[in-house]
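Q: The structure's right below; bear with me while I get my questions together.
The values are calculated or read from the model by the stated rules, or taken from the named source; none is laboratory data. Only a predicted model underlies this, so the values are computations on that prediction, with no experimental measurement involved. In this analysis, Cβ positions are derived from the backbone assuming ideal geometry, glycine residues included, and neighbour counts consider all displayed protein chains. Only protein heavy atoms, including side chains, enter the accessible area calculation; ligands, DNA and RNA are left aside. Shrake-Rupley method; radii C 1.70, N 1.55, O 1.52, S 1.80 Å.
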Amino acid sequence: MTLAAGTDSDTRQIALGLRQRNLVLLDALVEQYQYRLVRYLIYLLGRRDGVDDLVQETWLRVLERGSSYDGRSRFEPWLFAIARNLAIDHMRRRRIFSLDSNDDEEGEGVRPSPASDAPSPFALAARTEDAEALAHSLQVLQPSYREALVLRFQEDLSLQEISAIVGAPVSTVSSRIYRGLAMLRSQFEGGSHGI
Amino acid sequence: MGSDGHERFQHMIDESLAGTVQEEQSLREHLQSCAPCQEYLAASSRAIAGLGGFSFAVDPGLNAKVSASLKLRAQQIRATQPGRRQLVLSCILALMLTAVGSLFDLRLSGLIATVFDLQRMQVQHGLIALWILPSLCLLLLFPILPLLSAGGSNQNERNL
């Protein structure tokens, strides 16, 4: 069973299935969105450990709150919003860094890496030379900037959809994208990587 | 061109890449002849493309684990929430209570008043307040109970 959550009828089909707690539908959604959910949470948290548990909690919440998805918008933003809220609760419980960045501060964009001996998930996941070049920058980037980048350039969500997920104005989302991109771009400027 | 001019066009490049605005003709024309801005665009495009060069490992057993937990949770929810049949029976019971109460009120209120040495009006008011109205409220409430129980979800998750 493949679901394309793009057209109105597809999203309404998902909404109906979630309201009925259709496990066949849920299994199909898990199959379809699992990798993207894992990737989003890694970008958000900047770490790999704990992500699988959050993924599981996310799907349980999708099951429990399925009736709140009305199918009038795409499924991905609703799913990522659930994952985000759970990740925030998780970070608060563990007293890890906050997602709330002070977007007005100049030069803000880098935060100290959390004390961890675990290797960077970005370094481990890099498959191209350019990705390897970006891995360290991504690791030290503000979580909110990283989140904006993955939602815009990997998930191809609109600025309005991202704004609804993160609960920030479109202008703030845009700013995070620009600043995050500036940090990453610095890896390729000045001919340092053979432009 | 001064740095201000480059900054303006580079900001337009950022906006275009982020999807804030459509690429303008003036930007396209500028890029044809400005090497620094061409490099800026190339570096930005390369950074965006670089984001696609990551492949995160997913535990092969994760999907099965999630499916199993969903199945268990679904069973728990079904066990704690009233099923459709129970709701229908409850509605029928509330309807019958309302009907019987109304019958008492219309036909037997006089007899009850005589037996308990009360005024008929008092008996009728009592039946309405303590029997008919509560059973009517139950009759109206039962169909919307599932909606009420599913209502407590986070603001951001609703109607994205």
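Q: Scanning for something closer than 30 Å to A:D49 by Cβ and of a type outside the set (S, T, N, Q), does the range B:80-89 turn up at least one residue? Quick ask: steps written out before the conclusion?
A: Filtering the range B:80-89 down to residues closer than 30 Å to A:D49 by Cβ leaves none.
No.
Q: Follow-up question, since we're still on this one. Among the helices (runs of 4 or more DSSP H) lying completely within the range B:1-107, list those that include at least 2 residues that are modelled with pLDDT under 90. Even if it seems obvious, please write down each step before you answer.
A: Working: elements: B:3-18, B:25-31, B:35-51, B:62-80, B:84-103.
Output list reads B:3-18, B:25-31, B:62-80, B:84-103.
Q: Scan the range A:28-53 and report the pairs whose first residue is within 20 Å of A:D10 (Cβ to Cβ) and whose second residue is open to solvent by less than 10 Å² (accessible area, probe 1.4 Å) and hydroxyl-bearing (S, T, Y), with Cβ atoms within less than 8 Å and a gap of 6+ or a chain change.
A: A:L37/A:T58
Q: Check off (1) without any contact (Cβ under 8 Å) to a residue 24 or more places away in the chain; (2) of a type outside the set (S, T, N, Q); (3) open to solvent by 40 Å² or more (accessible area, probe 1.4 Å) for A:L124 and give me the number that stays unchecked.
A: The one condition A:L124 does not meet is (1).
Q: Next question, about the same structure. In the list A:P169, A:P119, which residue meets the criterion of being over 16 Å from the mean Cα position of the chain (by Cα), more than 8 Å from every other protein chain (Cβ to nearest Cβ) and modelled with pLDDT of 95 or more? Let's see the steps before the verdict.
A: Working: A:P119 fails: modelled with pLDDT of 95 or more.
The conditions single out A:P169.
Q: Any chance the range B:21-32 includes a residue that's within 7 Å of chain A (Cβ to nearest Cβ) and exposed (fewer than 15 other Cβ atoms within 10 Å of the Cβ)? Show your work before the answer.
A: Taking the range B:21-32 as the starting set, the residues that turn out to be within 7 Å of chain A (Cβ to nearest Cβ) are none.
No, the conditions are met nowhere in the range B:21-32.
Q: Open to solvent by 10 Å² or more (accessible area, probe 1.4 Å), over 30 Å from A:A135 (Cα atoms) and in contact (Cβ under 8 Å) with a residue 40 or more places away in the chain: does that describe A:R21?
A: On the way: open to solvent by 10 Å² or more (accessible area, probe 1.4 Å): yes; over 30 Å from A:A135 (Cα atoms): yes; in contact (Cβ under 8 Å) with a residue 40 or more places away in the chain: yes.
In short, yes.
Q: Do we have any residue at all in the range B:149-157 that's under 30 Å from A:V62 (Cβ atoms), among the acidic types (D, E) and at pLDDT below 85? It would help to see each step written out before you state the result.
A: Going through the range B:149-157, the residues under 30 Å from A:V62 (Cβ atoms) turn out to be B:149-157.
From the residues that got through so far, the ones that are among the acidic types (D, E) too are B:157.
Filter once more, keeping what is at pLDDT below 85: B:157.
Among the residues of the range B:149-157, at least one is under 30 Å from A:V62 (Cβ atoms), among the acidic types (D, E) and at pLDDT below 85, which makes the answer yes.
Q: Among the listed residues A:D89, A:D49, identify the single one that is surrounded by fewer than 18 Cβ atoms within 10 Å (Cβ to Cβ), under 17 Å from B:G61 (Cβ atoms) and not aliphatic (A, V, I, L, M). I'd like the intermediate steps shown before the answer.
A: Numbers: A:D89 fails: under 17 Å from B:G61 (Cβ atoms).
It is A:D49.
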